[in-house]
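Engineer: Here it is, the structure, as structure tokens.
The values are calculated or read from the model by the stated rules, or taken from the named source; none is laboratory data. Just so it is clear, the model here is predicted, and its values are computed rather than measured. Here the Cβ is made from the backbone with ideal geometry for all residues, glycine too, and neighbour counts use every protein chain on show.
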């Protein structure tokens, strides 16, 4: 990374001479396309496939247990209304896709400005929440939000000088993404699959509860919960929910990292995106499933703790509620940390074809050896992405309302009044929000991959993309005069080189 001087503490973890792998040999093999690509963590790949097949099977069984006979008069979405609803979804989705591509152009042209705008927008939103709390007579909430706002102000003040670095990386990541724009469409399709999987899981959960006798279909779907059985079933069901959703996201992340890897080391070809996709769903699927399972267990425990917290809150048990709240916060932090570290490890999984444990160990060794300054830059570069998603939603609402006003035939039959039209516009604008979320969230994956690869081998970028390398080194030098540290004698057997 930037300004990373090898640590002098525990030599067993920071000295490359003690590692069980040679970074120089790994990179040389990668540049020659000579790295062996074998299936990693096959057990977890098989387990994931079996779990997904089980969800689909139980979803079919759950659908069979539901009485689908309904009165036609009670069905709102029939006839013209069904087609008009689909038309509104199509209009909002098209708006979101167009906005996502326009926003990527804006980020490429003025990434630094958008980072600063996103920071001030974030702080302004926090201030607005404080004003709302005071308006409704909630001083305690206002004080808590004020403390949070103060912490964020101090944080942004401390990292303000790092914006140049985040700007350079964000601009490069957007450029690469626009070159391989197929990654955006893969991410969009993955979001649709994720949505379909969540719906299937709902039916599967109902089917499992019916099969275990916890829902009595012959008594009008009455829920019968006694003992630890229902909770245990629900816990494993939650693991399947988070596992499937996380692995879908990790597959997209691995595809993006694989694309960046081929671009970074100059091994790109016409099948770059296709090859990255094939590797993610075949040889790397086991590693991605292993990574997703670890976080899924933590997220399932967090959900159980949240439900226990809400239950004790309703029952007035303050002590138990506080205990479960603390437990939920701890699990949430653990899950967030593991999810972020998994993202770093998946870069090596996608680029070098390593198993998850090997990639995680080597990523951690390299991060400790190079330094961890890139983490804050990574955080800053993701802020304008979410700002774009927020703006897309706010702009789409009046756009849909204007469409309903100019073309009355688009609105549902029987819908009258401006208030109702605004409500429908707010609801269908969520479809527009999902488009940039699905498309633009590939940018953080490109950014993260670029940080990991540049920290691993900055010399490769000098050879393959000297202009982008100069951007990064110039931005690094503007922050406290940092210099990029290349491999030293402990890693290559030669002397240290600085940019």
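Engineer: Checking residue 312 against (1) under 21 Å from residue 190 (Cα atoms); (2) in contact with a helix residue (DSSP H, G or I) (Cβ under 9 Å, 6 or more places away or on another chain); (3) surrounded by fewer than 24 Cβ atoms within 10 Å (Cβ to Cβ): exactly one of these is not met. Which one?
Structural biologist: Single failed check for residue 312: (1).
Engineer: Within the range 423-445, can one find any residue that is more than 30 Å from residue 398 (Cα to Cα) and either in contact with a helix residue (DSSP H, G or I) (Cβ under 6 Å, 6 or more places away or on another chain) or not in a helix (DSSP H, G or I) (or both)?
Structural biologist: Pass one, the range 423-445, residues more than 30 Å from residue 398 (Cα to Cα): 445.
With either in contact with a helix residue (DSSP H, G or I) (Cβ under 6 Å, 6 or more places away or on another chain) or not in a helix (DSSP H, G or I) (or both) added as a condition, the list becomes 445.
Looking for residues that are more than 30 Å from residue 398 (Cα to Cα) and either in contact with a helix residue (DSSP H, G or I) (Cβ under 6 Å, 6 or more places away or on another chain) or not in a helix (DSSP H, G or I) (or both), one finds at least one in the range 423-445, hence yes.
Engineer: Also, quick follow-up: Looking only at the range 1-51, count every residue that is farther than 20 Å from residue 262 by Cα, in a helix (DSSP H, G or I), at pLDDT 70 or above and over 30 Å from the mean Cα position of the chain (by Cα) and tell me the total.
Structural biologist: Number satisfying all stated conditions: 1.
Engineer: Run residue 496 past the list (1) over 27 Å from residue 262 (Cα atoms); (2) surrounded by 14 or more Cβ atoms within 10 Å (Cβ to Cβ); (3) at pLDDT below 75 and report the number of the one that doesn't hold.
Structural biologist: Result: residue 496 passes all but (1).
Engineer: Return yes when residue 276 is under 17 Å from the mean Cα position of the chain (by Cα), closer than 27 Å to residue 357 by Cα, crowded, with 23+ Cβ neighbours inside 10 Å and modelled with pLDDT of 90 or more and no when it is not.
Structural biologist: So residue 276 does not fit the description; no.
Engineer: Please find, within the range 403-422, the residue that is farthest from the chain's Cα centre (by Cα) out of those that are modelled with pLDDT of 75 or more and within 15 Å of residue 94 (Cβ to Cβ).
Structural biologist: 407
Engineer: Also, quick follow-up: Suppose the filter is over 18 Å from the mean Cα position of the chain (by Cα), at pLDDT 85 or above and assigned to a helix (DSSP H, G or I); does residue 199 pass it?
Structural biologist: yes
Engineer: Further question on the same structure: Any idea which of 300, 319, 323, 305 is loosely packed, with under 15 Cβ neighbours inside 10 Å and over 30 Å from residue 259 (Cβ atoms)?
Structural biologist: 319
Engineer: Go through the range 126-164 and give me each residue that's without any contact (Cβ under 8 Å) to a residue 12 or more places away in the chain, surrounded by 13 or more Cβ atoms within 10 Å (Cβ to Cβ) and in contact with a helix residue (DSSP H, G or I) (Cβ under 8 Å, 6 or more places away or on another chain).
Structural biologist: 134, 141
Engineer: Still on this structure, I have one more. Which helices (runs of 4 or more DSSP H) does the range 280-380 wholly contain that include 1 or more residues that are in contact (Cβ under 8 Å) with a residue 12 or more places away in the chain, touching a strand residue (DSSP E or B) at 6+ places or on another chain (Cβ under 8 Å) and under 30 Å from residue 154 (Cα atoms)?
Structural biologist: Where helices (runs of 4 or more DSSP H) fall fully within the range 280-380 and carry at least 1 residues being in contact (Cβ under 8 Å) with a residue 12 or more places away in the chain, touching a strand residue (DSSP E or B) at 6+ places or on another chain (Cβ under 8 Å) and under 30 Å from residue 154 (Cα atoms), they are 356-370.
Engineer: Looking at 476, 460, 470, which one is touching a helix residue (DSSP H, G or I) at 6+ places or on another chain (Cβ under 8 Å) and either surrounded by 22 or more Cβ atoms within 10 Å (Cβ to Cβ) or at pLDDT 85 or above (or both)?
Structural biologist: 476
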